[in-house]
1. Highest GNM mean-square fluctuation, chain B, Cα pairs closer than 10 Å: which of B:Q123, B:Q60, B:Q208?
2. What shape does the stretch A:119-194 have by the C-alpha gyration tensor, where a ≥ b ≥ c are the square roots of the eigenvalues, rounded means a/c under 1.5, and otherwise prolate means a/b greater than b/c and oblate the rest?
3. Which of B:Y217, B:I203, B:P184 sits closest to the plus end of the dipole of chain B, meaning its Cα is farthest towards the positive end, when Lys and Arg get +1 and Asp and Glu get -1 on the C-beta?
4. Going 7 Å from Cα along the Cα-Cβ axis for the label, what nanometre distances separate B:L226 from the same residue across the other copies?
5. Would you calculate the volume per residue, in Å³, of the smallest convex hull containing every Cα atom of the protein assembly as shown?
6. Using only Cα atoms and rounding to the nearest 10 degrees, what angle (0 to 90) does helix B:48-60 make with the longest principal axis of chain B?
7. With +1 on the Cβ of every Lys and Arg and -1 on the Cβ of every Asp and Glu, and nothing else charged, how large is the dipole of the stretch A:28-126 about its Cα centre, in debye rounded to the nearest 20?
8. Summing -39500 (n - 2.57) over the DSSP H runs of n ≥ 4 in chain B and dividing by its residue number, what mean residue ellipticity at 222 nm do you reach, to the nearest 500 deg cm²/dmol?
Number of protein chains: 2
Amino acid sequence: MTVESIQHQSVVDLLEARLREDILRGRHTPGTLLPPERELAAGYGVTRTTLKHALSRLEQAGMVSTRHGIGTRVRDFLRVGGADLLPMLASQDSGWLVEIFEVRRHIGSLIARRAATRRTARQSRRLAELLEAVAAAPDADAAQLADVEVHRELARATGNRVYLLLTNTLFNAYMPVRRALCAPFEDPAKAAARLDPVVRAVIDRRPQDAERAAERYLRETEKLMLGALDKANQAHAIR
Amino acid sequence: MTVESIQHQSVVDLLEARLREDILRGRHTPGTLLPPERELAAGYGVTRTTLKHALSRLEQAGMVSTRHGIGTRVRDFLRVGGADLLPMLASQDSGWLVEIFEVRRHIGSLIARRAATRRTARQSRRLAELLEAVAAAPDADAAQLADVEVHRELARATGNRVYLLLTNTLFNAYMPVRRALCAPFEDPAKAAARLDPVVRAVIDRRPQDAERAAERYLRETEKLMLGALDKANQAHAIR
DNA sequence: GCGGAACGGTGGCTCAGCCACTGGTCCGCA
DNA sequence: TGCGGACCAGTGGCTGAGCCACCGTTCCGC
């Protein structure tokens, strides 16, 4: 049993999730003012202090903006929000996953190409090690996490720290739902074999090949993930 | 003088900024526990409640992680953090700007290419309008904001909402320092002229041209921005 | 020797209250 | 009648004290 599987949902966490959901579902329209804090807190059955903690997080996430003496306004977050909204959007509506994967594919290819021209010797060694770790993973879950590490190292090998942060953002986006997406890693050895051409091309400094291999790898992985997801959804629908 | 005339920096805002700075400057090493909340609050001269608001934001930003009964640990945010850290990193150290621009160039080209194949008729019209708005901007500041709108619409024209969020993230990263980067927009008409080939190629559905034009536009703009920044830094150093 | 109870320390959350900011109203003066 | 300033009601900002829940350790009794 891993640490992350059991999340202690604190009151603030729950409240935040609920507020977010109410906003995403359109109960509070973008552009309008939320009810006063005292009223809202009473409505959700919590203290104003607790409500403020939750609102404060939503504000930092860019979903609402608060002004002293005025109130709290729901922002048009799809217009001005950043990629850090993705985790909550993805767990709310799986339509986002398709779009996330597409972008991941494009950017992943970019990263692989660039890593192939910039990687250091040390990073080559590390990539080889991490690929080994994928193959040696005891189960799908561990393989999935090991796979993420390989991609993090690829991003690091671009020599541009922003690529690493971007990769993290995209991974974070499907971390909350990753359990449903571990199909490609059921057989860790095969997963490692699919990933191998990418790592090899980067180590051998073949940018074009690296780009193509990454594109291919990401496309295959995506297909397996979404295939499993569809199947699950169908089973769910039948039931 | 009471408060900063323009900025409404609340206590929580200031406290958050200060904590962040202390972490970024290495006063609290990643991996270690922060002092207990009661102690930390006393140290900063605020209530525990207020401190918690600030910590709660930092936690959501991925810079610290709090566990009940244990304490608050400083996370290795460069390893696991997302792109939403960029605004604070960029305003802390201008070295980030160079890397942000590079990624912006790569992804901007990607977006232009894709927009050229996917844009709708409505989006074409809107792009043309927004380009007009850049040319008609009264000053550099307005031109810069109008320019951002064009890029947002380009991202929207990819048909993939994740690209819009990503674009927002990258823009947000240099929004805090954008005043120092308005050099390319001193002459709004010229700025619009530089941007014109990109918009035109997208409207005409010429993906390859759009990609190249975007690459070129972003490279030029970047050069102007960083050139102005260097000059400012030199002047600053001399003084 | 070992298992469970107790303890000290930590964060989670509540409560009641006062302060500060905003926008509108209303009154007094010209 | 027009207008400017004082006032007021409503809103978020912040406080301080307090209690609860959780964790790791220690210590005691079996």
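1. Among B:Q123, B:Q60, B:Q208, the largest GNM mean-square fluctuation belongs to B:Q60.
2. Working: a/c = 3.07, a/b = 1.23, b/c = 2.50.
Verdict is oblate for the stretch A:119-194.
3. Highest projection toward the positive end goes to B:I203.
4. So the label point of B:L226 gives 3.6 nm to the other copies.
5. Values: hull volume 88.8 nm³, N = 478.
So the per-residue hull volume is 186 Å³.
6. 40
7. Numbers: 17 positive and 8 negative charges, 191 e Å.
Taking the Cα centre of the stretch A:28-126 as origin, the dipole is about 920 debye.
8. Numbers: 11 runs with 165 residues, N = 239.
One gets -22500 deg cm²/dmol as the mean residue ellipticity at 222 nm.
Read-outs: derived from the displayed coordinates by stated rules, not from any lab. Please read these numbers as outputs of a predicted model, since none were measured by experiment. Glycine also receives a Cβ, built like all others from the backbone with ideal geometry; neighbour counts cover every protein chain displayed.
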